[in-house]
Amino acid sequence: MYIDGFAIPVPSDKKQAFIDHARIVDAMFLELGATRIVEGWGDDVPAGTVTDFARAVAATGDETVAFSWIEWPDKATRDAAFEKMRDDPRMRDTPVPFDGKRMIFGGFDPVVILEK
């Protein structure tokens, strides 16, 4: 398993646009091998004393931090999917309702997984 994680500042009044965008792009990820995708809308995201999600993405008072992750069977599948998506016209034709320059993201090897 391999995981991509994202924290994204989204204008709060663009929540539905974010959901619509996610449904299109996430369907592409699933087509290309992702096994699970979760899109979360900030609900209980407290301000920290040193750092926090809002500061990490330079969110303003009129933005909500979205937190998302994509689960892949392995890094090779993820890398191939991202390569294919760069040239997919659906990516060019899908409006992005947030400032992607302030999105933070990364790929992670799971080291502990607990499930019930």
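A compact table of results
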{"quantity": "Area accessible to solvent at F67, 1.4 Å probe radius, in Å²", "calculated": "90"}
{"quantity": "For the chain, Kirkwood radius (reciprocal of mean inverse C-alpha pair distance, Å)", "calculated": "15.2"}
{"quantity": "Computed accessible area, V111, all protein chains, 1.4 angstrom probe, square angstrom", "calculated": "140"}
{"quantity": "Ranking by accessible area, most exposed first, for T51, T77 with a 1.4 Å probe", "calculated": "T51, T77"}
{"quantity": "Region 12-44-region 57-116 distance, computed between alpha-carbon centres (Å)", "calculated": "9"}
{"quantity": "Proximal lysines to K14, defined as alpha-carbon separation beneath 24 angstrom and excluding residues fewer than eight positions away on the same chain", "calculated": "K101"}
{"quantity": "Estimated dipole of the chain in Debye, rounded to 20 [Cβ of Lys and Arg +1, of Asp and Glu -1, Cα centre]", "calculated": "140"}
{"quantity": "Taking the chain and dividing mean pair separation by its residue count, relative contact order in percent (alpha carbons under 8 Å, at least six apart)", "calculated": "50"}
{"quantity": "Solvent-accessible surface (1.4 angstrom probe) belonging to R78, in square angstrom, nearest 10", "calculated": "40"}
{"quantity": "Probe 1.4 Å, all protein chains present, accessible-area order of E83, E115, E71, largest first", "calculated": "E115, E83, E71"}
{"quantity": "Dipole of region 40-116, positive end: most advanced residue of V96, S68, G42 [Cβ charges, Cα centre]", "calculated": "V96"}
{"quantity": "MRE, 222 nm, helices only [DSSP H, n ≥ 4, -39500 (n - 2.57), over the chain, to nearest 500]", "calculated": "-9500 deg cm²/dmol"}
{"quantity": "Average accessible surface area per residue within the chain, 1.4 Å rolling probe, Å²", "calculated": "66"}
{"quantity": "Solvent exposure, largest accessible area first (probe 1.4 Å, DNA, RNA and ligands not counted), of D79, D26", "calculated": "D79, D26"}
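The values are calculated or read from the model by the stated rules, or taken from the named source; none is laboratory data. A quick note: this is a predicted structure, and the numbers were derived from the prediction, not measured. In this analysis, Cβ positions are derived from the backbone assuming ideal geometry, glycine residues included, and neighbour counts consider all displayed protein chains. Side chains are part of the model used for accessible areas, which takes the heavy atoms of the whole protein and leaves out ligands, DNA and RNA. Shrake-Rupley method; radii C 1.70, N 1.55, O 1.52, S 1.80 Å.
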